[in-house]
Amino acid sequence: MKAIRVHEFGGPEVLQLEDVPDLTPGPGQVVVRVHAIGVNPVDTYIRSGVYPVKPSLPYTPGMDAAGIVESIGEGVTLVAAGDSVYVAGTISGAYAQQALCLESQTHRLPAQVTFAQGAAVGVPYATAYRALFQRAEARPGEKVFVHGATGGVGIAAVQLARAAGMTVIATGGTEKGRANVAHQGAHQVLDHHTPNYLDQLQTLSGGNGVDVILEMLANVNLGKDLGVLAKRGRVVVIGSRGPVEINPRDAMGRDANILGMTLFNVNDEDRASIHAALVAGLENGTLKPVVGKEMPLAEASRAHEAVLHAGAFGKIVLIP
């Protein structure tokens, strides 16, 4: 089969398409014939060698995919050959024509969800769900501010918060992206390139601030976020590309919480809960992943460049 291999950490050019042996499942394992692969910013951080969790070289990147179960190992009971699934985590890496997974890493893909959409579920939707419900403990009726909502995690957060009965305010950097975020359910969408957009946010919140902020770029925004929180508000840091200076008094005066998160810290019980909720949302139509661009697997290096560009629109998906 064809797979992307990384033999040394570095720039996008280290992603090489190679021939590798087909995969065989062991006990409790599943081989999925991959039809679509999700590209996540974290994939680029791992590839560059700057991420705290480093795989052994050489490796095949990727955590998210969707396809059809090709074979199962001894003891597998939750899926069978021929089932359509989305993959959230792998043993072998997702940037390939096949993926070897634990049974628990495969989840049923409803018939109305395409493989490309399925490949957009794993990291983005699990991250959004974890941030919103398991870290911030957001509740119906609260005001949620999704700071940078046009990418995969942001869109997932908007859909999840709206479906749960929250008031959703979001931002985007392009007119196309903002229109899509509004279409996905945000009650209000602001342009974060406008100098006074946080003043607009305060007006929309009645001057009381927002209860929850999901922050995609903390190194730029965290200090400002603390100034627009309601009392006992929570900021969940989902993404950051560097250090930031804050005024602790902005948190003290509000009894505010700054919460970090990474999916690498999720335990098995919480992970199972997340995906039970996501499968239900896909089934009932409240969750509809948005695919912004499909690219051939051979162009993985170009996809790694594109996923870090500002002005995201939906999910970048590789097709093997």
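The values are calculated or read from the model by the stated rules, or taken from the named source; none is laboratory data. Model, not experiment: these values are computed from the prediction. Don't worry about glycine lacking a Cβ; one is built from the backbone with ideal geometry, like all the others, and counts go over all protein chains shown.
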Worksheet item: Within the bounds of segment 118-134, is there any residue that is under 25 Å from ILE37 (Cα atoms), at pLDDT 95 or above, in a strand (DSSP E or B) and charged (D, E, K, R)?
Response: no
Item to complete: Looking only at segment 216-237, count how many residues are surrounded by fewer than 20 Cβ atoms within 10 Å (Cβ to Cβ) and of a type outside the set (A, V, I, L, M, F, W, C).
Response: 6
Practice prompt. List every residue pair whose Cβ atoms sit under 9 Å apart, with the two residues 6 or more apart in sequence or on different chains, where the first one lies in segment 189-201 and is under 12 Å from GLY177 (Cα atoms) and the second, anywhere, is of a type in the set (D, E, K, R).
Written response: VAL189/ARG178; LEU190/ARG178; ASP191/GLU175; ASP191/ARG178
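Do the conditions hold for GLY82, that is, is it within 30 Å of GLY242 (Cβ to Cβ) and not in a helix (DSSP H, G or I)? Outline the logic, then answer.
Details: within 30 Å of GLY242 (Cβ to Cβ): no; not in a helix (DSSP H, G or I): yes.
No: the conditions fail for GLY82.
State which residue is nearest to the chain's Cα centre (by Cα) when the search covers only segment 41-77 and only residues that are outside any loop (DSSP other than H, G, I, E, B) and charged (D, E, K, R).
So the first thing to find is which residues in segment 41-77 are outside any loop (DSSP other than H, G, I, E, B), and the list is 41-48, 59, 64-72.
Narrowing further to those that are charged (D, E, K, R): 43, 47, 64, 70.
Numbers: ASP43: 11, ARG47: 17, ASP64: 10, GLU70: 26 Å.
Result: ASP64.
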Fill in: Conditions (1) under 30 Å from VAL20 (Cα atoms); (2) touching a Lys or Arg at 6+ places or on another chain (Cβ under 8 Å); (3) surrounded by fewer than 22 Cβ atoms within 10 Å (Cβ to Cβ): number failed by VAL317
(3)
Item to complete: Would you check which residues across segment 165-189 are surrounded by 22 or more Cβ atoms within 10 Å (Cβ to Cβ) and assigned to a strand (DSSP E or B) and list them?
Response: VAL168, ILE169, ALA170, THR171, GLY172, VAL189
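Which ones in segment 190-232 are on the phi > 0 side of the Ramachandran plot and part of a strand (DSSP E or B)? Spell out how you get there, then give the answer.
Step one: list which residues in segment 190-232 are on the phi > 0 side of the Ramachandran plot, which gives 206-207, 209, 232.
Of everything in segment 190-232, just one residue is on the phi > 0 side of the Ramachandran plot and part of a strand (DSSP E or B), namely ARG232.
Conditions (1) charged (D, E, K, R); (2) in the same structural domain as GLU215 (by TED's automatic domain parsing); (3) more than 20 Å from THR150 (Cβ to Cβ), marked per residue:
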{"site": "ILE238", "(1), (2), (3)": "no, yes, no"}
{"site": "LEU259", "(1), (2), (3)": "no, yes, yes"}
{"site": "ASN284", "(1), (2), (3)": "no, no, yes"}
{"site": "LYS315", "(1), (2), (3)": "yes, no, no"}
Fill in: Residue count for segment 120-168, restricted to those that are under 8 Å from the mean Cα position of the chain (by Cα) and β-branched (Val, Ile, Thr)
4
Worksheet, complete the sentence: ILE213 vs (1) surrounded by 15 or more Cβ atoms within 10 Å (Cβ to Cβ); (2) under 21 Å from GLY292 (Cα atoms); (3) in contact (Cβ under 8 Å) with a residue 40 or more places away in the chain: all pass except (2)
Worksheet entry | Those residues of segment 238-266 which are closer than 22 Å to ALA119 by Cα and surrounded by fewer than 16 Cβ atoms within 10 Å (Cβ to Cβ), in sequence order | THR262, PHE264, ASN265
